[in-house]
Amino acid sequence: MKSYFRPEIDAIAGYVPGEQPKMPGLIKLNTNENPYPPSPETAKVLHNFDIDRLRRYPDPTADKLRDLFAADLGLKRENIIAGNGSDDLLTMIFRAFTAPELPVAVFEPSYSLYPVLAAMQGAPVYRIELDRNDFSYPADAVKQAKDANLLIVTRPNAPTGNCVPKELVRQYCAEFDGIVLIDEAYSDFAPDNCAELATEFDNVLVMRTFSKGVSMAGIRLGYAFGNPDLISGLMKLKDSYNLDMLTQEVAAANYADKNYRQECLKKILAERERLTAELSNRGFAIIPSQANFLFAAPPDGDGAGCFAHLRENAVIVRYFPGEVTGKYLRITIGTPAENDRLLEVITSKYPCLN
């Protein structure tokens, strides 16, 4: 059959989301979801919601949410844009700043959606390789980015979990003649973040999501902030009503309950420390993580084999084939019970060293 698609669309394989398997007794540790539910305040919103409101359109610019984020960040509403998950925002950003004559620079390895979005725009991709041993970041990244118009820094990085030092990010922002997007999907789990760089530099956007630290992957909500001129430009590209009414209501209630979210984060960080120690005791090499997952290589370096062993026992983690990434697994931090089961299955293949 004749193809009616643009050549760029025919040429791409498309992004493959994390598997959402359905099997009995599943321990799901593959997509970095928060293991704890949203704040109980969200249930109250749903219980009391007047369904008659659903016949009306939602607020097209999500001003209530934007005001909440702005107050938290010491910014104004015009500094904020909300989207249907970070992926929605990324689509806007790639449409705005990339084209066949406007390349994007990304670090490698990082979020695999970035090159797919670039291909949709016909934009060249400059891949800046991280250190193959510890995944540290090069000081000359801007030089390697050449004439790119967009540079993406994922902090903490996925799938590796490590953070580029903030001062090095600041250097990138100062030296790069283009837009620097700092993707902070996992910043809730890190000791610091780069929020101030969005006001320190006119060419910087910082992006965050409700899918990880905020326990709301199911509603699809993300937001970005930066110079008002950048935000107003992105507003031209968003779908008219990209956030539904219920999403806006429950997200506001959950976000406002900071004490609950902090308690959940403490539990995750404690389990991250425990899981790091336990896996190390079984001979795993682990990249120091500042996210809600571990990037861990089994003692035999057979990431694919360990992945298969876990899957056979209904424990699902994420595996990224490749010369550098293929010896690792990305393991989401689950509840203590989920992590115990993970360790039980791993120990059957890799016994404790002491």
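The values are calculated or read from the model by the stated rules, or taken from the named source; none is laboratory data. Note that the coordinates shown come from a computational prediction; the quantities given were computed from them, not determined experimentally. So basically every Cβ, Gly included, is an ideal-geometry build from the backbone, and we count neighbours across all protein chains shown.
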How many residues, within the range 105-116, are surrounded by fewer than 21 Cβ atoms within 10 Å (Cβ to Cβ) and among the aliphatic types (A, V, I, L, M)?
2
Filter result (touching a strand residue (DSSP E or B) at 6+ places or on another chain (Cβ under 6 Å) and either in the same structural domain as residue 211 (by TED's automatic domain parsing) or part of a helix (DSSP H, G or I) (or both)) within the range 308-338:
327, 338
Among the candidates 156, 191, 165, single out the residue that is surrounded by fewer than 18 Cβ atoms within 10 Å (Cβ to Cβ), closer than 16 Å to residue 213 by Cα and assigned by TED's automatic domain parsing to the domain that holds residue 116.
191
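Yes or no, residue by residue, for (1) touching a Lys or Arg at 6+ places or on another chain (Cβ under 7 Å); (2) assigned by TED's automatic domain parsing to the domain that holds residue 123:
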site: 2; (1), (2): no, no
site: 26; (1), (2): no, no
site: 70; (1), (2): yes, yes
site: 79; (1), (2): no, yes
site: 82; (1), (2): yes, yes
site: 86; (1), (2): no, yes
site: 89; (1), (2): no, yes
Looking at this structure, is residue 341 outside any loop (DSSP other than H, G, I, E, B), at pLDDT 95 or above and in contact with a Lys or Arg (Cβ under 8 Å, 6 or more places away or on another chain)?
no
Report, by residue number, each residue of the range 95-104 that is buried (at least 20 other Cβ atoms within 10 Å of the Cβ), among the hydrophobic types (A, V, I, L, M, F, W, C) and either assigned to a loop (DSSP other than H, G, I, E, B) or out of contact with any strand residue (DSSP E or B) (no Cβ under 7 Å at 6 or more places or on another chain) (or both).
102
Taking only pairs six or more apart or across chains, which ones have beta-carbon atoms under 7 Å, a first residue in the range 139-151 that is within 15 Å of residue 118 (Cβ to Cβ), and a second residue that is at pLDDT 95 or above and among the aromatic types (Phe, Trp, Tyr)?
145/126; 145/176; 146/126; 148/126; 149/97; 150/97; 151/172; 151/176
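Conditions (1) more than 27 Å from residue 288 (Cβ to Cβ); (2) part of a helix (DSSP H, G or I); (3) of a type in the set (Gly, Ala, Ser), marked per residue:
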| position | (1), (2), (3) |
| --- | --- |
| 66 | yes, yes, no |
| 69 | yes, yes, no |
| 88 | yes, yes, no |
| 106 | no, no, no |
| 110 | no, no, yes |
| 128 | no, no, no |
| 146 | yes, no, no |
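Out of 188, 192, I need the residue that is under 30 Å from residue 142 (Cα atoms) and free of Cβ contacts under 8 Å to residues at least 40 places away in the same chain. Which one?
Just a single option satisfies the conditions, and that option is 192.
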Yes or no: residue 164 of a type in the set (Val, Ile, Thr), touching a residue at least 24 places away in the same chain (Cβ under 8 Å) and more than 20 Å from residue 325 (Cα to Cα)?
no
When you scan the range 196-230, how many residues do you find that are over 21 Å from residue 259 (Cα atoms), under 15 Å from the mean Cα position of the chain (by Cα) and either assigned to a loop (DSSP other than H, G, I, E, B) or not assigned by TED's automatic domain parsing to the domain that holds residue 171 (or both)?
1
